[in-house]
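A quick write-up on the structure given underneath.
The values are calculated or read from the model by the stated rules, or taken from the named source; none is laboratory data. Source: prediction; values computed, not measured. Methodologically, a virtual Cβ is constructed for each residue, glycine included, from the backbone with ideal geometry; neighbour enumeration extends over all protein chains shown. Side chains are part of the model used for accessible areas, which takes the heavy atoms of the whole protein and leaves out ligands, DNA and RNA. Shrake-Rupley method; radii C 1.70, N 1.55, O 1.52, S 1.80 Å.
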Amino acid sequence: MLRTHNCGQLTISDTGSQVTLCGWVQRSRDLGGMTFVDLRDRYGITQLVFNMETDAILCENARQLGREYVLMVTGTVTERSSKNPKMSTGDIEVTVLQIHLLNSALTPPFTIEDHTDGGDDLRLKYRYLDLRRNAVRANMELRHQVAQETRRYLDEQQFLEVETPVLIKSTPEGARDFVVPSRMNPGEFYALPQSPQTFKQLLMVAGFDRYFQIVKCFRDEDLRADRQPEFTQIDCEMSFVEQADILQMFEGLIRHLFRKVKQAEIGELPLMTYSDAMKNYGNDKPDLRFDMKFVHAGELLKGKGFKVFDDAEMVAGINVTGGASYTRKQIDELTDFVRRPQLGATGLVYARYHEDGTVKSSVDKFYSGEELTKWTILFNSKPGDLMLVLAGDNTRTTRALSELRLEMGTRLGLRDKNKFAALWVVDFPLLEYNEEAKRFFAMHHPFTSPRPEDQHLLESSPGNVRANAYDMVINGVEVGGGSIRIYDKALQQKMFRILGFSDKEAQEQFGFLMQAFEYGAPPHGGIAFGFDRLCALFGGSDSIRDYIAFPKNNSGRDIMIDSPAAISPQQLDELSISLKK
Ligand code: ASP
């Protein structure tokens, strides 16, 4: 090693010893006769001191050092006269005897400090410099810890870590595939896995019993803060299990991670059916850090001459505790919020329950004081509260009210990033009808089994079949999801037919799986967690990008290596590809 210690290591007990450190110049300060240089590495910062009186040449040299120069220095550990309790090395400094300049550096395009002046694009372009910053490095350390603890838990539970191939063919997870042309098979393409779904099922047929993998998945979708074209899953599968076994095993994983990474207890995860989640929160991933359930109010509010309610398929609202003090302006803001094109509500009705017991609504014309008192009972409203009501068709009203609930949660400070509310959502519909395509799609994926008691409805009433599937939701984020799989060829074939695959297409795409099912497939099921999302959740961020060493931007570009990029005519030729002019 070029060094005897790292830059975060030396303490008062090292005083007097001669040490050699390596690192980058964080900053330097000239104070007349003295020059101070902060030397940084992954572990911390150590203050170096140069004295004009004792060694003028060395001090002069130190003054020439620029930011981010790479040094090897040898010197003596000395007690500082003014200590810095905020630094682990704050009690000492190193009086330098010798500097060896290992490398110089250009002036960085942004300051490598906790609060940097670099914008997003600049930091992505020079990601290797951004990664030198404490905050970004700490995110990578957290990611490392989550990965190690995941491996530790699953290893203890006898899971085998198995790698599955990346050059495969289409996996039906519902997104578009990324494809790779095959030079050796002109005109043919691999697809990158949207998940290792079929392979992990084949590993169960192989008798591996408990599999996991921390694995890259690829989905060509529109990007958002919590989506990247390539992302990482903790992918798992188990044999000879029922739903309850999976829930218990992976609740255990999450509990372990919370304990080790956050020193937090998350308690038992409640089970909520999809239909209850939709009815009470308008969302299949409800944020349970706060209550504010939907109040379905059609029965009470219709038939009083207010056309907006009378004509609506759904009339529902929420009670905002302490919200009566909301000003007209604040309520107008909320109205604008639900009217945004993404939500498309036509308006927002409100009723303030004043401290003096009177209720004042925006629709007083249609509802007497007596009627409004009935509202307060239905909404379980207390003096000082505010009732907010939306009306319209089911889908839109549900979505808008769900967003309004979350917005109110945020405004009232009920969505604390250091508080965690986890639950399982179960009993999803197996199939979703798509009006445009005029066919059913698998809500999860085509390998998910129906709940046994609903199986008889598969042909007569497919839309009413519930899936043997589950999602883990934490703080309104789906962190993981999975299902008990079909392991019978005939049922799998039936499923493909319902999903609009001809027998020939099903055979071409998934013949290997159905064939495997004929060689003694065990009952099995599994789950996959969004690893980047879990890291972001533990780190208290909404953006998974902060937890990926080299992420892509919103257009799916890596602006550091400038990819995707054109390829040469020779490469195209080798791949038998001609581009559209
Ligand atoms: N393959 C599924 C997914 O990526 C997870 C699973 O069913 O285990 O969502």
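What number comes out for the charge environment of N554, summing +1 per Lys or Arg and -1 per Asp or Glu over other residues with Cβ under 11 Å away? Display every interim value, and only then the final one.
Numbers: positive: R224, R227, R545, K552, R557; negative: D120, D121, D222.
My count for the surroundings of N554 gives +2.
Per-residue accessible area (protein heavy atoms, 1.4 Å probe) orders M1, M72 as M1, M72, starting from the largest.
How high is the FRET efficiency from K489 to D276, r the C-beta distance, R0 30 Å, rounded to 0.05?
After rounding to 0.05, the efficiency reads 0.30.
Based on C-alpha pairs under 8 angstrom that are at least 6 apart in sequence, segment 512-581 has a relative contact order of 12 percent.
Scanning residues 5 or more positions from L97 or on other chains, those with amide H under 5 Å from its amide H are T74, G75, T76, with H placed 1.01 Å from N in the peptide plane. Could you tally the net charge around A442, taking each other residue with its Cβ under 14 Å from the Cβ of A442, Lys/Arg +1 and Asp/Glu -1? Residues near A442 contribute +3 overall.
Restrict the search to segment 85-128; then list the trypsin sites (Lys or Arg not before Pro) that DSSP places in a loop and that have at most 12 other Cβ atoms within 10 Å of their Cβ.
Details: sites: K86, R123, K125, R127; in loops: K86.
Answer in residue order: K86.
With kT/(6 pi eta Rh) evaluated at 25 °C and eta = 0.890 mPa s, and Rh the Kirkwood radius from Cα pairs, segment 302-387 diffuses with a coefficient of 182 µm²/s according to Stokes-Einstein. Remark: the L167-R289 segment gains 39.8 nm on full extension, using 0.36 nm per residue and subtracting the alpha carbon distance. Taking a point 7 Å out from the Cα of N185 in the direction of its Cβ, the residues of segment 560-575 whose backbone N falls within less than 17 Å of it are 575.
Distance between the 7 Å Cα→Cβ label points at M87 and T395: 6.0 nm.
Compared with the direct C-alpha span, the chain from E478 to E371 gains 34.5 nm at full extension, assuming 0.36 nm per residue.
For segment 497-513, 3J(HN,Hα) computed residue by residue from phi via the Karplus equation (6.51, -1.76, 1.60; θ = phi - 60°) reads 4, 4, 7, x, 7, 6, 4, 5, 4, 4, 5, 4, 7, 10, x, 4, 6 Hz, glycine and proline entered as x.
Compute for the chain: radius of gyration divided by Kirkwood radius, i.e. Rg/Rh, restricted to C-alpha atoms, rounded to two decimals. Numbers along the way, then the final one.
Numbers: Rg = 30.2 Å, Rh = 28.5 Å.
Looking at the chain, the ratio lands at 1.06.
Solvent exposure of segment 455-581, expressed per residue, is 48 Å² of accessible area, with all protein chains present and a 1.4 angstrom probe. A simple spin-label model places pseudo-atoms 7 Å from Cα toward Cβ; at E459 and Y128 they are separated by 6.4 nm. Across the chain, the mean sequence separation of Cα contacts (distance under 8 Å, 6 or more residues apart), normalised by length, yields a relative contact order of 13 percent.
Shown is the FRET efficiency for K304 and L414, computed with R0 = 30 Å from the Cβ-Cβ distance and rounded to the nearest 0.05: 0.40.
Using 25 Å as the Cα-Cα cut-off, could you pick out the over-long pairs in K86/K262; K260/K417; K374/K417? From the list (K86/K262; K260/K417; K374/K417), the Cα-Cα distance tops 25 Å for K374/K417. For segment 137-288, a simple Cβ point-charge model (Lys and Arg +1, Asp and Glu -1, everything else neutral) yields a dipole of about 440 debye relative to the Cα centre.
Summing -39500 (n - 2.57) over the DSSP H runs of n ≥ 4 in the chain and dividing by its residue number, what mean residue ellipticity at 222 nm do you reach, to the nearest 500 deg cm²/dmol? Please list the in-between numbers first.
Numbers: 17 runs with 164 residues, N = 581.
That comes out to -8000 deg cm²/dmol.
Segment D121..Q571, full-extension length gain: 159.0 nm, with 0.36 nm per residue of separation and the alpha-carbon distance subtracted. With no solvent and one point on each alpha carbon, what is the Debye value of log10 I(q)/I(0) for segment 420-523 at q = 0.12, 0.21 Å⁻¹? Treating every Cα as an identical point scatterer, log10 I(q)/I(0) equals -0.44, -1.12. Ordering 322-334, 461-473, 485-497 by mean Cβ neighbour count within 10 Å, with the highest value first, yields 461-473, 485-497, 322-334. 3J(HN,Hα) along segment 399-404: 5, 5, 5, 4, 5, 5 Hz, from the Karplus curve 6.51 cos²θ - 1.76 cosθ + 1.60 with θ = phi - 60°, whole Hz, x for Gly and Pro.
Quick check of the Kirkwood formula: for segment 91-212, what is the inverse mean of 1/r over all pairs of different Cα atoms, in Å?
Evaluated over segment 91-212, this radius sits at 19.8 Å.
The phi torsions of segment 26-38, fed into the Karplus equation with coefficients 6.51, -1.76 and 1.60 and a -60° offset, translate into couplings of 7, 6, 9, 9, 9, 10, x, x, 10, 10, 10, 10, 8 Hz, rounded to whole numbers, with Gly and Pro shown as x. The lysines whose alpha-carbon is closer than 19 Å to the alpha-carbon of K494, local same-chain residues fewer than 8 away aside, are K438, K504.
Amide H contacts for R289 (H built 1.01 Å from N in the peptide plane; partners 5 or more residues away or on another chain; cut-off under 5 Å): none found.
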